[in-house]
Each structure stands twice: as structure tokens, then as C-alpha cells.
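Trainee: The structure that follows is given in the form of C-alpha cells.
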Amino acid sequence: MCGIVGIIGAGDVSIPIYYALYALQHRGQESAGITTFDGKTLFKHKGPGLVAEVFDEDILHELKGFSGLGHVRYPTTGEKIAENIQPFTFRFMGRFCAIAHNGNLTNTEKLREEFEKRGQIFSTTTDTEVIGNVIADELRKSGRMEDAVLACMKRLEGSYSVVFLSEDKVYAFRDPLGIRPLCIGKTKDGYIVCSESVAVDALNGTLIRDVRPGELVCISKKGLESVQIAESSGHAHCVFEYIYFARADSVIDGRLVYDVRRKIGQALYLEAPVKADLVSPVPDSGIAHATGYSESSGIPYREGLIKNRYMGRTFIMPTQEDRENAVRIKLNPVKGHIKDKSIVIVDDSIVRGTTSKRIINILKDAGAEEVHMRVGSPPIKAPCYLGVDMPTREELIASGKSNEEVKEGIDATSLHHVSVESLIDAIGMPADDLCLGCLTGVYPLWIKGEKACPRYTDFIKGSYQTNIKEFDE
Ligand SMILES: O=P(O)(O)OC[C@H]1O[C@H](OP(=O)(O)OP(=O)(O)O)[C@H](O)[C@@H]1O
Ligand SMILES: NC(=O)CC[C@H](N)C(=O)O
Ligand code: SF4
Ligand SMILES: [Mg+2]
């Protein structure tokens with residue numbers, strides 16, 4: 001997924017960016033980076049690891065400037081190597097620039113080849129650098145950021161929420177389908193654009209609104225300006241942001257993620273009731289879903305597993321071996337709650353089955369009589385090409401298998417996944433505004449070899465005469 005942030009302030013922004021990245025840590029654990037601009041010079045620091053490992057007070061002190069970007073990475077295109085750590089910085093037409101991206105393009109290869117044929121040199125293997133090139137290519141011609149973003153929206157396929165620093169301005173735009181989140185907040189002395197509203201909260205700011213799909217916003221000392229570059233016939237907000245990825249206390253596209261998860265939990269009971277002694281979440285991501293199940297069933301909510309609070313997310317670790325080792329250290333049973341009990345265990349999703357198989361065995365070893373698994377997403381049957389690391393059908397436990405086969409595979413007494421209909425109800429948006437690709441196998445845009453129900457996008461005609469000022473002004 002990745003977490004992105006752009007901040008304009010009255011004083012140095014490195015510490016606010018650091019706190020914002022801290023709030024977005026759950027979106028990417030592989031690397032972190034901050035870039036700032038002080039009116040004369042661009043400062044940067046980035047490295048592998050968690051935000052708290054990459055930065056310390058001295059480093060933050062060196063990152064001077066009133067405008068800046070931050071990024072936490074979860075790799076989807078381009079390996080886990082130093083060159084691929086964002087934000088990327090460059091000088092263009094005499095200006096210092098930087099870019100950070102959340103999402104995944106589906107036409108990276110094609111665009112890259114086209115640029116390479118023209119003699120363009122790339123220094124990373126990411127899709128994000130391709131976006132930087134599309135922007136620079138258009139700025140070279142028109143000098144207008146609106147035209148550059150229009151070019152992006154016409155040429156880029158896939159998902160992209162982007163923050164772009166051009167010295168004292170931070171631009172932010174979201175793909176016309178709004179696949180990945182992006183929101184705007186007001187801080188005490190400036191503005192923030194970031195992946196999730198929890199980063200606005202971390203700065204004690206006020207959430208203004210989401211960046212609209214297809215919109216370009218600009219924050220600077222002058223305030224907030226915006227222009228709608230493209231409009232689509234429907235959107236395609238990723239349902240996995242609500243199910244798993246986002247923090248439960250974030251508000252995304254007007255919905256509090258915690259409430260969506262609670263409603264999913266309530267629906268799980270209505271769809272698959274069971275008699276049990278307790279409802280227990282798989283922490284952290286299953287907690288809100290489990291409270292919903294307990295509310296609608298009346299079965300007491302009690303934690304049967306305690307999470308080691310120093311362990312991060314296992315799903316977003318890059319290798320299967322890393323993930324398997326991590327689950328063992330991560331979750332430990334509360335034996336006194338479990339022994340001789342019938343338990344409903346609620347998690348947000350089963351992807352490869354690493355977590356659920358392991359925890360069911362942990363619960364049974366701790367003396368549980370029955371373990372009924374309830375899952376807050378419909379079965380994941382197909383890959384994600386749009387920013388979640390689920391690249392092949394082979395690795396997905398539910399792909400090509402029946403519910404019974406998956407139940408056997410994870411050793412559960414019973415298994416139920418929430419239905420697509422109840423999921424859509426819980427999110428409270430029309431199905432045409434959601435991406436359900438990995439659940440239904442039908443994607444919101446054309447992807448080679450897959451079925452699609454594409455949205456159609458209209459672009460504002462001609463070039464720009466809007467309220468966002470020229471790039472080289
Ligand atoms: O079937 P799997 O391949 O194991 O993947 C699914 C699990 O991975 C995620 O948890 P994770 O531990 O990554 O994060 P969390 O702490 O936020 O729940 C998710 O919440 C499921 O528990
Ligand atoms: N998960 C993401 O949003 C990652 C952004 C970009 N595709 C990268 O791999 O660096
Ligand atoms: S395919 Fe699934 S995970 Fe990927 S963007 Fe769509 S809903 Fe989200
Ligand atoms: Mg989990």
C-alpha cells in the first residue's frame with residue numbers, strides 16, 4: 001500500500017512529517033523517507049526499516065524547511081532495494097522537486113520502454129519513477145502542473161495517489177477512480193495531504209475532506225487550491241482499505257473504518273450464526289469485526305489471543321518464511337479463556353492462510369473444544385494488480401477451492417466469509433464505486449487476461465486556465 005504525506009507549514013515540517021509517517025506506519029514497513037525544502041535547498045533522508053528506526057532527533061533537525069514530503073513503503077513494483085526507497089528527488093527546469101506515491105500502475109513496462117527508447121535513463125525499478133517522468137515530460141512542454149497531471153490521468157493505468165513537491169508548493173492528486181485514499185487536513189499553521197485521516201489527527205489538525213478522484217490540489221503558503229482534471233462514470237475505492245489496510249480510526253471517503261468493520265461483524269453473525277462461549281478477535285485487524293459479531297450475537301467478547309505489541313504486520317512482510325516465523329512470535333493464547341470452550345474467532349481476511357491455520361492450531365493446543373472461524377472479507381479468489389501484494393492465484397488459499405476445502409485447510413470447526421452483498425452494505429457505497437477485483441475476478445479497468453467492467457473517464461478539454469498557478473511562476 002504505502003503511506004504518503006505532504007505538508008506546508010510556517011516553520012520546519014520535518015517533525016510533523018515524522019509524526020504523520022508514524023501514524024501511517026501500518027501502510028508500509030519496508031522503508032521510510034522524508035524530503036524538505038527551505039527556500040534554497042532540498043534536504044532528504046531515507047532508509048530501510050520502520051520510521052522510528054530510520055529517523056532520530058539529530059536527523060530530523062537537519063531536515064530543514066517549511067515544505068516537504070514523506071513516504072513509508074510496502075513494495076509492489078520494484079524490489080526491496082535502496083534505490084527504490086521514496087520520496088524520489090530531482091532537479092527539473094531549475095526547480096527542486098520530489099515525488100511520493102501510493103498505488104500500483106498496470107502499464108509500467110509499456111511506459112518505461114517508451115521513455116527508454118527516447119534515451120531516458122531510470123535510476124530505480126519502480127512505477128513511481130515512471131510517474132515522475134510523465135510529469136516532467138509534460139512540464140517540459142507546457143510548464144503547467146495541471147497539464148502534467150492531465151497527462152498522468154490520460155497515460156497512467158492502475159492506481160495512484162501522489163504527492164509532488166515543487167519547492168514551496170505541494171501538489172497532490174488521486175487517480176480518476178479513487179482507488180487509493182488521499183485526504184486534506186488543516187494544521188495550526190498550514191496544510192497536510194496524506195493517505196489517511198489518522199495522520200491529520202496525529203498533528204492535532206482538522207480533516208477538511210478527501211481529495212476527489214481525478215482532482216489535483218495544491219497547498220502552499222497562499223492556502224489550498226484545487227482543480228478537477230478528470231471525472232469518471234464510477235469510482236473504484238479499494239474495499240481492502242476498509243477490510244484490512246487502513247487504521248480503524250481513519251475516516252476514508254466519508255466512512256469511519258471502525259464502523260464499516262463493526263457492521264461487517266454484525267452481518268457475519270446474521271449470515272452464519274453459531275452457539276459459542278466467546279467471540280474472540282485475531283488482533284489487530286479482526287478487533288472491530290469481532291465487536292460487531294459479539295453485539296449482534298450477544299456472545300461475550302473476550303480476547304483469546306494476545307498480540308505482542310512490538311510485532312508489526314505479518315501480511316505485508318515480503319517472504320512467506322518471514323510471515324510464518326512472525327505469526328508464531330506475534331500471537332499467544334490466553335489459555336484460561338480458551339480451555340474447554342467453544343470459540344468464534346473473527347479475522348478480517350484469509351489471504352494465504354498463514355495466520356488462520358496457525359492460530360487455530362494455537363487455540364486447539366490451548367484446549368479449545370471448537371474453533372469457528374468468521375472472516376470479514378469474502379473469499380479472495382483473484383490477484384490484486386492495484387497495490388496489494390497478492391500477485392498470483394496459486395498463493396491464495398481460497399482460489400479455486402470450496403469453502404469446505406478451505407475449512408479443512410485451516411483446521412477450523414466451521415468457516416464463513418462475509419458475502420459480497422453484506423460487505424457493500426457495510427461500506428455504504430454503490431457497488432459501481434468500489435473495486436471488488438480480488439473478490440469477484442472482475443476489475444474496474446482493463447488488465448491483460450482478466451475480466452473487467454471498466455469505468456469511463458472524461459477529461460477536461462484543452463489546456464488549463466485555472467486557479468492553480470504555473471509551475472515556473
Ligand atoms: O491469510 P494470511 O496470508 O495469513 O493473511 C491474512 C492475515 O494477515 C493480516 O494480518 P497481519 O498480521 O498482517 O496484520 P494485523 O496485525 O494488522 O492484523 C490479516 O489481518 C490477516 O490476519
Ligand atoms: N504499495 C505502494 O503503494 C507502493 C508504491 C510503488 N508501487 C512501489 O512499489 O514503491
Ligand atoms: S483488487 Fe482487491 S485489494 Fe486490489 S484494489 Fe481491488 S479490492 Fe483492493
Ligand atoms: Mg491480521
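Trainee: Select, from Val375, Val351, Val388, the only residue that is among the β-branched types (Val, Ile, Thr) and more than 30 Å from Leu156 (Cα to Cα).
Mentor: Val375
Trainee: Still on this structure, please answer the following. Given (1) under 18 Å from Asp432 (Cα atoms); (2) at pLDDT below 95; (3) of a type outside the set (A, V, I, L, M), where does Arg180 come up short, assuming only one miss?
Mentor: (2)
Trainee: Let me confirm something: among Thr187, Thr128, which residue is assigned by TED's automatic domain parsing to the domain that holds Gly28, surrounded by 24 or more Cβ atoms within 10 Å (Cβ to Cβ) and among the polar types (S, T, N, Q)?
Mentor: Thr128
Trainee: Just the residues that are modelled with pLDDT under 75, more than 17 Å from Asp348 (Cβ to Cβ) and assigned to a loop (DSSP other than H, G, I, E, B), please, taken from region 305-326.
Mentor: Pro318
Trainee: Somewhere in region 28-44, is a residue within 16 Å of ligand 3 (Cβ to nearest atom) and buried (at least 24 other Cβ atoms within 10 Å of the Cβ)?
Mentor: yes
Trainee: Another question about this same structure. Under 6 Å by Cβ, and 6 or more places apart or on different chains, what pairs join a residue from region 328-348 that is touching a residue at least 24 places away in the same chain (Cβ under 8 Å) and in a strand (DSSP E or B) with one that is of a type in the set (Asp, Glu) and more than 16 Å from ligand 2 (Cβ to nearest atom)?
Mentor: From region 328-348, the pairs are Ser342/Asp277; Ser342/Glu369; Ser342/Glu370.
Trainee: Please go through region 215-250 and give me each residue that is within 16 Å of ligand 1 (Cβ to nearest atom) and hydroxyl-bearing (Ser, Thr, Tyr), ordered by number.
Mentor: Across region 215-250, the qualifying residues are Tyr242, Tyr244, Ser250.
Trainee: Can you tell me which residue among Arg255, Arg209 is modelled with pLDDT of 95 or more and more than 30 Å from Arg144 (Cβ to Cβ)?
Mentor: Arg255
Trainee: Could you name every one of the strands (runs of 3 or more DSSP E) located completely within region 108-217 that has at least 2 residues being basic (Lys, Arg) and touching a strand residue (DSSP E or B) at 6+ places or on another chain (Cβ under 8 Å)?
Mentor: In region 108-217, the matching strands (runs of 3 or more DSSP E) lie at 169-174.
Trainee: State which residue pairs qualify: first residue closer than 16 Å to Leu363 by Cα and aliphatic (A, V, I, L, M) and inside region 281-305, second residue within 16 Å of ligand 2 (Cβ to nearest atom) and at pLDDT below 95 in any location, beta carbons under 7 Å apart, and separation of 6 or more residues or different chains.
Mentor: none
Trainee: Could you list, in sequence order, the residues of region 38-65 that are within 16 Å of Cys97 (Cβ to Cβ), in contact (Cβ under 8 Å) with a residue 40 or more places away in the chain and part of a loop (DSSP other than H, G, I, E, B)?
Mentor: Once the filter is applied, which keeps residues that are within 16 Å of Cys97 (Cβ to Cβ), in contact (Cβ under 8 Å) with a residue 40 or more places away in the chain and part of a loop (DSSP other than H, G, I, E, B), region 38-65 yields Gly39, Thr41, Gly65.
Trainee: List every residue pair whose Cβ atoms lie under 6 Å apart, where the two residues are 6 or more positions apart in sequence or sit on different chains, the first residue falls within region 226-254 and is within 14 Å of ligand 4 (Cβ to nearest atom), and the second residue, located anywhere, is at pLDDT below 95.
Mentor: These pairs meet every condition: Phe240/Val388; Tyr244/Ser285; Phe245/Met1.
Trainee: For region 55-70, state whether one or more residues are within 16 Å of ligand 1 (Cβ to nearest atom), hydrophobic (A, V, I, L, M, F, W, C) and crowded, with 20+ Cβ neighbours inside 10 Å.
Mentor: No, that holds for no residue.
Trainee: I would also like to ask the following. Right, Ala100: aliphatic (A, V, I, L, M), buried (at least 23 other Cβ atoms within 10 Å of the Cβ) and within 29 Å of Glu196 (Cα to Cα) or not?
Mentor: So Ala100 passes the test.
Trainee: Look at Thr76 and say whether it is of a type in the set (S, T, N, Q), buried (at least 21 other Cβ atoms within 10 Å of the Cβ) and in a helix (DSSP H, G or I).
Mentor: No, not satisfied.
The values are calculated or read from the model by the stated rules, or taken from the named source; none is laboratory data. Computed from a predicted model, the values in this text were never measured in an experiment. Positions of Cβ are backbone-derived with ideal geometry, glycine not excepted, and every protein chain shown enters the neighbour counts.
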